[in-house]
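The values are calculated or read from the model by the stated rules, or taken from the named source; none is laboratory data. On a predicted model such as this, the values are computed, not experimentally measured, just so you know. No Cβ is skipped: glycine too gets one built from the backbone with ideal geometry, and neighbour counts run over all protein chains shown. Remember, those area values only see protein heavy atoms, side chains included, never the ligands or the DNA or RNA. Shrake-Rupley method; radii C 1.70, N 1.55, O 1.52, S 1.80 Å.
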Amino acid sequence: MSTAAEKTAAQNSSAQTAAQLTPASLTPAQKTALELGEYAAASPSSYHAADEASRRLQAAGYELLDEAQTWNLVPGGRYVLVREGAVAAFALPADVSADALRYRVFGAHTDSPGFKLKPGGAHTAAGFTQVGVEVYGGVLLNSWLDRELCFAGRLALRDGTTVLARTPGIARIPQLAIHLDRQVNEGLKLDRQQHTVPVIGLEVCGGDVLALLAESAGVSADQVVGHDVITAPVQEAALFGASQELLACSRMDNLSSTFAGLRAMEELDTKNLTAVSVFISNDHEEVGSETRTGASGPMLADILERVSISVGADREAHLRAIAGSICISADAGHAVHPNYPERHDPQVRPTLGEGLLLKLNAVQRYATDAVGTAEWARLCDEAGVQYQPFVSNNAMPCGSTIGPLTATRLGMTVVDAGIPLLSMHSAREMAAVEDVEALVKVAAAHLG
């Protein structure tokens, strides 16, 4: 492990100011971080995140599967499928067999907190056109104020098909001026119904979000009969910090992990695989995962069973394969906040740029155990990256991930890990560029 002085010297020797930064001067970690930003920009909704991952994997040679059709899988084959806002991909070893079947799974989720478009269309108030939205997930409400927002998601048409759609940055939730609330800096309290209604324009100009969404998808607005549409900030990801060592980006919880799994699968070489490599990014983690595309649903279990059947495994062989398999549940976690150190465990103090998080929790809000810890340590050694443990302050409630749900549903060993963040669930989160690249390397070591 490098000392703080060595790390500082290394950063200073290659540091570029914002004015000096050019594509040629970017470090590998900075390039990877900005690639994450590009993926996030292409993925304003879970449906876009799944579609973009599928598009990229097909470009890398993966065959698109239809869950409603028979799968004709071949040894050495690479496959991808999309179920609404969830995506999965897998690669079979060239010599795969029922007797030696094992799975190495990398799991994440595609959804992020935001505001979901309500039915009912636009309404007017005080000369403005507004639309109703519903809070989705654990939104850090104040961070969404005074940001330009797009609407993105899927539209269901009268013929039963669905299309993806997104608007430009047409919406904003304006904050009340301090002149009209002199005590605001003593404590901001937002009513989720009254104070988070986006403005989409002036009343005299009108405005129809669904019409704009339909236009973006190339369909007629009168064909739209349903929608699953969420807001997303349109500001691009950016490097910042004295050495450009930090990344500001929306939806890093949890597109950082989806991106890492995607990159690992894009670059996967099936020639030396000893287990079936599986990447899955479920939807609806931020609201409990209890959907057909969430981690509590059957998607991963269905895929693994169908793969086992394809290689001739009976029920006994399939259960043996599951028992000998392992899943990395990758989800962003908390670094110690420099302005709120008392909110974290007093001894276990993970920080940005000092390694990936290994998440541990006594009451199993995270699934990591001692066996999983040993596997994680091995993977990090193989990938040449550092890791640091994360535990919650006993006085603070602990969040959870798809990890315990996957372990419960499948019975395989699961390790909870991810990149450390500040401003989690903000409209714009913060990470270290080195940590983004580290997770890509560990995903590649696990899946390869």
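In order along the stretch 167-180, the Karplus-derived 3J(HN,Hα) couplings, from 6.51 cos²θ - 1.76 cosθ + 1.60 at θ = phi - 60°, round to 9, x, x, 9, 10, 7, 9, x, 7, 6, 4, 4, 5, 9 Hz, and Gly and Pro are given as x.
For the stretch 92-106, the Karplus equation 6.51 cos²θ - 1.76 cosθ + 1.60, evaluated at θ = phi - 60°, returns couplings of 9, x, 5, 10, 4, 8, 5, 6, 10, 6, 8, 10, 10, 10, 10 Hz by residue, with Gly and Pro reported as x. How high is the FRET efficiency between Val363 and Glu342 when r is their beta carbon distance and R₀ equals 22 Å, given to the nearest 0.05? Once rounded, the FRET efficiency stands at 0.50. Less than 5 angstrom separates the built amide H of Tyr136 from those of Gly114, Phe115, Lys116, all sequence-distant by 5 or more or on a different chain. Taking a point 7 Å out from the Cα of Val225 in the direction of its Cβ, the residues of the stretch 159-192 whose backbone N falls within less than 13 Å of it are 159-162.
I'd like to verify something in the chain: which complete DSSP H helices, judged by Cα projection on the helix axis, reach 15 Å or more and average at least -1.0 on the Kyte-Doolittle scale? Kindly include the intermediate steps, with their values, before the conclusion.
Details: long enough: 4-14 (16 Å, -0.86); 28-41 (20 Å, -0.26); 46-59 (20 Å, -1.04); 252-266 (21 Å, 0.01); 299-310 (17 Å, 0.95); 370-383 (20 Å, 0.05); 433-447 (22 Å, 0.93).
Result, helices passing both filters: 4-14, 28-41, 252-266, 299-310, 370-383, 433-447.
Taking amide H as placed 1.01 Å from N in the peptide plane, the amide H of Leu356 sits under 5 Å from that of Gln386, Tyr387, Gln388, each at least 5 places away or on another chain. The alpha carbons of the stretch 310-374 stretch over 57, 24, 18 Å along the principal axes, in descending order.
List the GluC sites (Glu not before Pro) within the stretch 329-426 that DSSP assigns to loop and that have no more than 11 neighbouring Cβ atoms inside 10 Å.
On the way: sites: Glu342, Glu354, Glu375, Glu382; in loops: Glu354.
Filter output for the stretch 329-426: empty list.
Note on Phe240 and Glu148: their simple-model spin labels are 1.7 nm apart, each label 7 Å out from Cα toward Cβ.
Which percent, nearest 5, of DSSP beta bridges in the chain are antiparallel? Walk me through the numbers on the way to the answer.
Numbers: 49 of 74 bridges.
Within the chain, antiparallel bridges account for around 65 percent of the total.
Take the Cβ-Cβ distance between Ala126 and Arg172 as r, set R0 to 25 Å, and report the resulting FRET efficiency rounded to the nearest 0.05.
Numbers: r = 15 Å, r/R0 = 0.58.
FRET efficiency, Ala126 to Arg172: 0.95.
Which number gives the lysine pairs in the chain that have C-alpha atoms under 25 Å apart and are eight or more places apart or on different chains? Display every interim value, and only then the final one.
Details: Lys7/Lys31; Lys7/Lys359; Lys7/Lys441; Lys31/Lys441; Lys116/Lys189; Lys118/Lys189; Lys271/Lys441; Lys359/Lys441.
Close lysine pairs found across the chain: 8.
A probe of 1.4 angstrom, applied to the heavy atoms of all protein chains, finds Met252 with accessible area near 0 square angstrom. Each Cα pair under 8 Å and six or more residues apart adds its separation to the average, and for the chain the resulting relative contact order is 22 percent. When the solvent-accessible area of the stretch 114-233 is split by element, carbon and sulfur atoms take up 51 percent of it, the probe being 1.4 Å.
What per residue convex hull volume, in Å³, comes out for the stretch 137-212 when only alpha-carbon positions are used?
Details: hull volume 10.0 nm³, N = 76.
It is 132 Å³ per residue.
GluC sites (Glu not before Pro) within the stretch 241-299: which are DSSP loop residues with at most 16 other Cβ atoms inside 10 Å?
Details: sites: Glu245, Glu266, Glu267, Glu285, Glu286, Glu290; in loops: Glu245, Glu267, Glu290.
Within the stretch 241-299, the qualifying GluC sites (Glu not before Pro) (loop, at most 16 other Cβ atoms within 10 Å) are Glu267, Glu290.
If each Cα of the chain is one equal point scatterer, what is log10 of I(q)/I(0) from the Debye formula at q = 0.06, 0.11, 0.12 Å⁻¹? Ignoring solvent entirely, the Cα scatterers give -0.27, -0.90, -1.05.
Once Rh for the stretch 76-178 is found with the Kirkwood sum over Cα pairs, what is the Stokes-Einstein diffusion coefficient at 25 °C and 0.890 mPa s, in µm²/s?
Translational diffusion coefficient: 136 µm²/s.
Counting 0.36 nm for each residue step from Asp269 to Ala42 and taking away their Cα separation leaves a gain of 79.1 nm. The phi torsions of the stretch 138-144, fed into the Karplus equation with coefficients 6.51, -1.76 and 1.60 and a -60° offset, translate into couplings of x, 5, 7, 3, 4, 6, 8 Hz, rounded to whole numbers, with Gly and Pro shown as x.
Residues whose amide H comes within less than 5 Å of that of Phe128, counting only those at least five positions distant or on another chain, are Glu203 (H built at 1.01 Å from N in the peptide plane).
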